[in-house]
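The values are calculated or read from the model by the stated rules, or taken from the named source; none is laboratory data. These figures come from a predicted structure and were not determined experimentally. Don't worry about glycine lacking a Cβ; one is built from the backbone with ideal geometry, like all the others, and counts go over all protein chains shown.
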């Protein structure tokens, strides 16, 4: 009879930011291991709190499934002699497989050993499986404790392991598994005996632990929203903050605190940032979206003595807001423009000068980009000014104390200094997007300075050999390159990546030809992967993406338009027919290296090749006109007109004839047609 399995790894407090990945990883490797071991189950779920990682497998089978494998041996010619008797090769193969030579079976010209493996009792496999699962978990950081060699996210203090009602024997370091757990660190004392999976959840709930993170999430959200309404406002529930708080507590209880209304004279971000980033508080806003002098926080415990906890939280926030008020007032004594020189004291990157040097590079690069985009004089002036001031807030007290406010305070101080609002907005926007799914710059100046800043970061870092590998990306270059791709698409900007890289390399004063060529290729490949990711995230098939990327990615927005045009026709029969026709041409001409082939209509000896040539001429004119104005849907529709004459051509014309001039003329026609199709995509990459 199937049984439920429970594994609880009791630890010291695990960082909240680690938990979502740990639980997802634990569930995946468990399912993979069960499948590999041929063990049936109905459900795998993982749960977590700051002090425990929990695995539950429902209806775990008692017996492995039986298994049959067929191992391939030598060919029949080698396995049997002329009389059909097994040779030494066959006998050796059978012996190595642990089967009788007479049990070998033949299939497709080879002998096979058929091995039937009977499933073992699952109870025999569970201890080793669970230990293997625990050791397979990966963490951003690990610890050792005592004199043990094992590493884990935090020291393991207890293990609870049950299958049905039976305790599973496990040992990790000096911790031996049992059938007991522990409740809330402060609201429960002593060990708690557990009889089953359901008993585990019930008893921990009685001892102030909500094991299910989704239950905690629901309770926190409901409590926060209810408290905010009771104070005449609406809670600003940031989902990332909520996720973190869920894994900071085992038994959530919301409480409300207040702060002096005098602090509301500060910019809202200067209040919200200490609340959210430093104290994990939820701000409360009025109906008009203005901040109320109220915050909500979550206590890891029950409702006893909440007033004491409230006063403690208010005192901590008051100190934070006092700091913010002091920095805000002090910062206004020096304008952003007068702070630019102070950037000379901050090193940008080793060997790449200071932030002041970077500021001048970005200012020039942004100006060049504005020129390429034919921006008007007003926008160019805004670009130049905002690029100069973009990093000046990094030397303010407020940003030094609250680094999350970079750009935000730059905008605020720029407005207070009397800078034009578009300049202030561009200062803020040049940092966007800051993370996946973040807002994008909406002004041309903001977009242009953002592109210039990010491109300088990427090329400068690549020039030092610091190219992201695997999960290592300390300078967030992947995020920044994705940001550039999204900005170009959102802004509908047609810019040459090759030209942008040339300009950036010039400003970085990288003059060595070989190094420039190497860096350009590396950065282009880096962007190519980001473009591929963006197109895939947009739901475009990978074969369609590859077909477009092959035709070039220098103009990123152009690539986006092509990919969407091809994807829009993915369900149409014409695209498949076009792929078949154009791929046939590609296969026939792929080994033709002569670049001097020309079309001579006088050599056409067949009506089909004459018809293809005439259709090609008419289609070429339409395709180039449509592509010239980036109307790739129209260009694609025009290319479809080549399908019928191509099919007729291959039905009636022999290309590789002995007459060399005629053969080359036909190849020249086909290569011209193929080159025209590449205006949109390489159709040979499309899966038929």
Quick check on my filter: what residues within the stretch 436-475 are without any contact (Cβ under 8 Å) to a residue 40 or more places away in the chain, under 18 Å from residue 488 (Cα atoms) and not in a loop (DSSP other than H, G, I, E, B)?
450, 454, 457
Restrict the check to the stretch 25-36 and report whether at least one residue is over 30 Å from residue 212 (Cα atoms) and free of Cβ contacts under 8 Å to residues at least 40 places away in the same chain.
no
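For (1) surrounded by 16 or more Cβ atoms within 10 Å (Cβ to Cβ); (2) assigned by TED's automatic domain parsing to the domain that holds residue 407; (3) under 19 Å from residue 352 (Cα atoms); (4) modelled with pLDDT of 95 or more, each residue gets a yes or a no:
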position	(1), (2), (3), (4)
441	yes, yes, no, yes
465	no, yes, yes, no
471	no, yes, no, no
479	yes, yes, no, yes
486	yes, yes, no, yes
489	yes, yes, no, yes
497	yes, yes, no, yes
507	yes, yes, yes, yes
534	yes, yes, no, yes
Among the listed residues 202, 218, 226, which satisfies the condition of being assigned by TED's automatic domain parsing to the domain that holds residue 58, surrounded by fewer than 21 Cβ atoms within 10 Å (Cβ to Cβ) and either part of a helix (DSSP H, G or I) or at pLDDT below 95 (or both)?
202
First in the stretch 236-248 and within 18 Å of residue 285 (Cα to Cα), second anywhere and part of a loop (DSSP other than H, G, I, E, B), Cβ under 7 Å, 6 or more apart
241/280
Scan the stretch 402-417 residue by residue and report those that are over 20 Å from residue 338 (Cβ atoms) and surrounded by fewer than 20 Cβ atoms within 10 Å (Cβ to Cβ).
403, 404
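Search the stretch 28-49 for residues being touching a strand residue (DSSP E or B) at 6+ places or on another chain (Cβ under 8 Å) and assigned to a loop (DSSP other than H, G, I, E, B), and hand back the single one that is farthest from residue 129 (Cα to Cα). Let's see the steps before the verdict.
Of the stretch 28-49, the ones touching a strand residue (DSSP E or B) at 6+ places or on another chain (Cβ under 8 Å) are 30-31, 34, 38-48.
Checking which are assigned to a loop (DSSP other than H, G, I, E, B) leaves us with 38-42.
On the way: 38: 12, 39: 11, 40: 14, 41: 15, 42: 18 Å.
By that ranking, first place goes to 42.
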Would you pick out the residues in the stretch 111-163 that are assigned to a loop (DSSP other than H, G, I, E, B) and crowded, with 18+ Cβ neighbours inside 10 Å?
153, 154
Tell me, which residue of the stretch 655-688 that is in a loop (DSSP other than H, G, I, E, B) and at pLDDT below 90 is nearest to residue 609 (Cα to Cα)?
655
Do you know which residues across the stretch 418-435 are surrounded by 22 or more Cβ atoms within 10 Å (Cβ to Cβ), farther than 21 Å from residue 333 by Cα and in contact (Cβ under 8 Å) with a residue 40 or more places away in the chain?
426, 430
Lone qualifier among 452, 514, 460 - being at pLDDT below 95 and over 18 Å from the mean Cα position of the chain (by Cα):
514
Checking residue 595 against (1) assigned to a loop (DSSP other than H, G, I, E, B); (2) closer than 16 Å to residue 678 by Cα; (3) free of Cβ contacts under 8 Å to residues at least 24 places away in the same chain, which single condition isn't satisfied?
(2)
Restricting attention to the stretch 279-294, does a residue exist that is in contact (Cβ under 8 Å) with a residue 24 or more places away in the chain and at positive phi?
yes
Odd one out for residue 20, checked against (1) touching a residue at least 24 places away in the same chain (Cβ under 8 Å); (2) under 20 Å from residue 198 (Cα atoms); (3) in contact with a helix residue (DSSP H, G or I) (Cβ under 7 Å, 6 or more places away or on another chain):
(2)
Exactly one of 608, 625 is more than 45 Å from the chain's Cα centre (by Cα) and in a helix (DSSP H, G or I), and that one is 608
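To keep it simple, each residue is scored yes or no on (1) surrounded by fewer than 21 Cβ atoms within 10 Å (Cβ to Cβ); (2) more than 27 Å from residue 183 (Cα to Cα).
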residue: 235; (1), (2): no, yes
residue: 242; (1), (2): yes, no
residue: 253; (1), (2): yes, no
residue: 257; (1), (2): no, yes
residue: 273; (1), (2): no, yes
residue: 276; (1), (2): yes, yes
Tally, over the stretch 547-574, of residues that are assigned to a helix (DSSP H, G or I), at pLDDT 90 or above and in contact with a helix residue (DSSP H, G or I) (Cβ under 7 Å, 6 or more places away or on another chain)
14
Confirm whether residue 545 is buried (at least 17 other Cβ atoms within 10 Å of the Cβ) and in the same structural domain as residue 638 (by TED's automatic domain parsing).
no
Looking only at residues in the stretch 181-199 that are within 40 Å of the chain's Cα centre (by Cα) and surrounded by fewer than 15 Cβ atoms within 10 Å (Cβ to Cβ), which one is farthest from residue 50 (Cα to Cα)?
198
